[in-house]
Ligand SMILES: [Mg+2]
C-alpha cells in the first residue's frame, strides 16, 4: 500500500498506552521504600531515587536496566553505604520482575486497533530496545503495525528525524499516548497532532514539562480513539484545528490536560 491509501499515520506509545506498565513500577517503588525504611522515610527514599535516576538518564537512558542500576546506587547513597548484599539482590529481583512481567493489554486496545486498520499504524516507544521489542512480540499486536520504533528519547528532534526517515507528513500524523511530555508536546511542536490518553498513574519525570493546561484532545480510554479519528478520514485536514496550543480550540473539543 502506498501512503496515499491511508488517511493518517497513527502512532502509539507502548507503556501505559497499549499495555500496563506503571502500576508494577509503583508496586516496586513501594517495596523499595519499605526495603530502605531503616535509613529514611518513604518520601526521602523516593526523592533520593528520583535524583539518582535523573542524573543517570543521560548515560543510562530509559528502561528497566537503567532503573535497576539507579535503585542500587540510590540505596547505597540513602543508607550511607550500609545497605547489605541481601537488599542489593532484592533490588536486582525488582528489576527482573519488571522485565519478566507478562504483557497485559489495556482494555479495548485490540478493538481500537481493529477499527483503525485502514490507517497506517506505528509504535513509537522509548526504553531498552531488547525489552520493548520483546513486549511488542509478546503483545500479539505486532502484525498490526507498519513500523515499530524504539528510540532513546521522545523529543521533537527524534520525532522529526523519524517522520522524515519514514516519509511521513506531520500534517497527517497523529501520536497517541499517556504522556504529555513524551507523546504530545514534541509532536505538536512539529506541526503534528496528538491525542492524550492518560493512565491512572504517571511517573513523575513524565510530569516534568511546561504543557500543563494545554488544550489537546483527551480520551478516557483508547477504545474512544476510532470515533475521534473518524471525523478526519475524509479531508485529512489536521494540524492546529485538532490539537494546537491552549486557546486555539479544536474540531473535537479540546480538553485541558
Ligand atoms: Mg507511556
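The values are calculated or read from the model by the stated rules, or taken from the named source; none is laboratory data. Please read all numbers here as calculations on a predicted model, not as lab measurements. All Cβ positions, glycine included, derive from the backbone under ideal geometry; neighbour counts span all protein chains shown.
For the reader, a short list of remarks on this structure follows.
- Pairs meeting the criteria (first residue in segment 50-68 and not assigned by TED's automatic domain parsing to the domain that holds residue 128 and surrounded by fewer than 18 Cβ atoms within 10 Å (Cβ to Cβ), second residue in a loop (DSSP other than H, G, I, E, B) and modelled with pLDDT under 95, beta carbons under 6 Å, at least 6 apart or on different chains) are 61/152; 65/128.
Yes/no matrix, rows are residues, columns are (1) modelled with pLDDT of 95 or more; (2) over 23 Å from residue 105 (Cβ atoms); (3) surrounded by 15 or more Cβ atoms within 10 Å (Cβ to Cβ):
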position	(1), (2), (3)
164	yes, yes, no
174	yes, no, yes
202	no, no, yes
208	no, yes, no
211	no, yes, yes
215	no, yes, yes
218	no, no, yes
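- Residue pairs whose Cβ atoms lie under 6 Å apart, sitting 6 or more positions apart in sequence or on different chains, and linking a residue in segment 142-161 that is modelled with pLDDT under 95 to a partner that is surrounded by fewer than 17 Cβ atoms within 10 Å (Cβ to Cβ), are 152/61.
- The lone criterion from (1) buried (at least 16 other Cβ atoms within 10 Å of the Cβ); (2) over 25 Å from residue 151 (Cα atoms) left unmet by residue 112 is number (2).
- Cβ pairs under 6 Å, 6+ apart, first in segment 10-25 and at positive phi, second within 9 Å of the ligand (Cβ to nearest atom) and assigned to a loop (DSSP other than H, G, I, E, B): 16/178; 16/199
- Only listed residue being within 16 Å of residue 91 (Cα to Cα) and surrounded by 19 or more Cβ atoms within 10 Å (Cβ to Cβ), chosen from 28, 10: 28
- Residue check, residue 81 outside the structural domain of residue 223 (by TED's automatic domain parsing) and either closer than 30 Å to residue 36 by Cα or in contact (Cβ under 8 Å) with a residue 40 or more places away in the chain (or both): yes
- Filter result for residue 102 (within 18 Å of the chain's Cα centre (by Cα), more than 16 Å from the ligand (Cβ to nearest atom) and either outside the structural domain of residue 174 (by TED's automatic domain parsing) or part of a loop (DSSP other than H, G, I, E, B) (or both)): yes
- Identity of the residue in segment 147-162, assigned to a loop (DSSP other than H, G, I, E, B) and within 14 Å of the ligand (Cβ to nearest atom), that ends up surrounded by the most Cβ atoms within 10 Å (Cβ to Cβ): 154
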